[in-house]
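Peer 1: I have a structure I would like to understand better, so I am pasting it below and will then ask my questions one at a time.
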Amino acid sequence: MASIVETESEPRDATQTARVPVSVIVPVKNEAENLRRCLPALAWADEVFVVDSQSDDATAFVAEEHGATVVQFQFNGVYPKKKNWSLDTLPFRNDWVLIVDADEVVPPELAEEIERRIAADEADGYELNMKYYFLGRRIRHCGYAECWNLRFFKHRLGRYERMPVTPGARTGDNEAHEHVELHGRVGRLTHELDHYAYPTIDAWVEKHNRYASWEAEQYERFLNEPIPSGIGRGKRFKRFLKKVYLRLPMRPVIRFVYAYIFRLGFLDGKPGLVFCGLLSVYDFLCWAKVYERKVLESSGTEGFGQDC
């Protein structure tokens, strides 16, 4: 399925021994430009794995240039996806792992807090909040002022939810909306991660087309299956709200009004208006892909789960 390729060409020097005992996973595909911003901010970590899906840009070169270990991953189309495969397979030197996407940056104050938390050993995993940037501006409202996710934990105790997809579904090979189920104590970090999610509208549309395909794949699961107990109280409550929300009519309109009016998206100016409009479009696309699947399944047409 995949291979591990060591790309560190130089021996670790004396300064490296003082690095923080954390193993970082950076899942990527064609992320050379983002890695040039992401990887220098991870120089404090003991080891960094860049888990690549056969990129055809300079991703591997940039990773090598910054001393990371490049791992090539090939998705079998069903399970596991990239992050769970990494947690199961990579030869970590450390108990603690940090999951960082290529479009994210770890500020120095967050790195320092991570080091302190490891020494204190007060929990087995920590949720991080993100500063969310869109069209050159930080989104402070729209429901995105707080975006907590469990990204820093003892790797033996945590795995992402197991949510297989239909073979051939174009949902991507990386966990985007699945949550970590941790068997242990969970805390929260004070400092935040910088998230430069979508530099262009094209990037937003491309990613959310795949996300909508995944939402359509998981629609029945969200409606009917029990909510996992290990994803944390906050995520369980949000998953409960999702069960209710998916049954409502006019969801795109509700999403826009909620994000732009009730969550004060209008205070984010024009980027906030664009962002809330795109969230509404995304909800419509999710609904349309669920409808498409039902039409194709009822007609016996092959290829449901494919992108429009």
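Peer 1: Explain nothing, just compute: Karplus ³J(HN,Hα) = 6.51 cos²θ - 1.76 cosθ + 1.60, θ = phi - 60°, for every residue of the stretch 170-184 in order, whole Hz, x for Gly and Pro.
Peer 2: Working through the residues one at a time gives 8, 9, x, 10, 10, 5, 10, 10, 5, 10, 6, 9, 10, 9, x Hz.
Peer 1: Taking a quarter of the surface of the Cα convex hull of the chain, what do you get in nm²? Working shown, then result.
Peer 2: Values: hull surface 64.5 nm².
Mean projected area for the chain: 16.1 nm², to one decimal.
Peer 1: Out of residues 5 or more away from I139 or on other chains, whose amide H comes under 5 Å of its own, with H placed 1.01 Å from N in the peptide plane?
Peer 2: Y132, Y133, F134
Peer 1: Here's another thing I want to ask about it. Taking amide H positions as placed in the peptide plane 1.01 Å from N, state which residues far from N174 in sequence (5 or more) or on other chains have amide H under 5 Å from it.
Peer 2: Here K82 satisfy the definition.
Peer 1: Out of the DSSP beta bridges found with both residues in the stretch 2-299, what percent are antiparallel (nearest 5)?
Peer 2: Bridges in the stretch 2-299 that DSSP calls antiparallel: roughly 45 percent.
Peer 1: What is the order of F61, F153, F75, fewest Cβ neighbours within 10 Å to most?
Peer 2: Values: F61 14, F153 26, F75 18.
The fewest-first ordering by Cβ neighbours comes to F61, F75, F153.
Peer 1: Arrange the following residues from fewest to most other Cβ atoms within 10 Å of their Cβ: K289, K242.
Peer 2: Details: K289 23, K242 14.
With the sparsest Cβ surroundings first, the list reads K242, K289.
Peer 1: Let me ask another. In sequence order, what are the phi-derived ³J(HN,Hα) couplings for the stretch 50-67 according to the Karplus relation 6.51 cos²θ - 1.76 cosθ + 1.60 with θ = phi - 60°, rounded to whole Hz, with x for glycine and proline?
Peer 2: 9, 9, 10, 10, 6, 4, 10, 10, 8, 3, 4, 4, 5, 4, 4, 4, 9, x
Peer 1: Tell me the label-point distance for the pair T200, K294, using the 7 Å Cα-to-Cβ offset, in nm and rounded to one decimal.
Peer 2: In this crude label model, T200 to K294 measures out at 3.6 nm.
Peer 1: Convert each backbone phi in the stretch 105-121 into a coupling constant with the Karplus relation 6.51 cos²θ - 1.76 cosθ + 1.60 (shift: θ = phi - 60°), then list the ³J(HN,Hα) values in order as whole Hz, x for Gly and Pro.
Peer 2: The phi angles translate into 9, 8, x, x, 5, 6, 4, 5, 5, 4, 4, 5, 5, 4, 5, 6, 6 Hz.
Peer 1: Would you please give the residues with an amide H less than 5 Å from that of L98, counting only those at least 5 places away or on a separate chain, with H modeled from the backbone geometry?
Peer 2: Here the answer is S23, V24, I25, since their amide H atoms fall under 5 Å of that of L98.
Peer 1: Between 0 and 90 degrees, rounded to the nearest ten: what's the tilt of helix 201-217 against the longest Cα principal axis of the chain?
Peer 2: 70 degrees
Peer 1: What is the order of T200, T59, fewest Cβ neighbours within 10 Å to most? Mind dumping the intermediate values first?
Peer 2: Working: T200 9, T59 23.
So the ranking, lowest neighbour count to highest, is T200, T59.
Peer 1: Return a whole-number percent for the relative contact order of the chain, with Cα pairs under 8 Å and 6 or more residues apart as the contact set. Could you put the intermediate results ahead of the total?
Peer 2: Details: 529 pairs, mean separation 53.7, N = 308.
For the chain, the relative contact order is 17 percent.
Peer 1: Right, another one. What lysines sit close enough to K238 to cross-link, taking a C-alpha to C-alpha distance under 26 Å and skipping anything fewer than 8 places away on the same chain?
Peer 2: The qualifying lysines are K81, K82, K83, K131, K154, K207, K289, K294.
Peer 1: Which percent of the Cα-Cα distances in the stretch 180-308 go past 27 Å?
Peer 2: Working: 2642 of 8256 pairs.
Tail fraction, whole percent: 32.
Peer 1: From the helices alone, meaning DSSP H stretches of at least four residues, give me the mean residue ellipticity at 222 nm for the chain, per-run term -39500 (n - 2.57), in deg cm²/dmol to the nearest 500.
Peer 2: -11000 deg cm²/dmol
Peer 1: Take the Cβ-Cβ distance between V78 and R37 as r, set R0 to 45 Å, and report the resulting FRET efficiency rounded to the nearest 0.05. Intermediate results must be reported in sequence, preceding the final value.
Peer 2: Details: r = 33 Å, r/R0 = 0.73.
Computed FRET efficiency for V78 and R37 comes out at 0.85.
Read the figures in this text as sums done on the coordinates, not as results from a lab. Since this is a predicted model, take the numbers as computed values, not measurements. Positions of Cβ are backbone-derived with ideal geometry, glycine not excepted, and every protein chain shown enters the neighbour counts.
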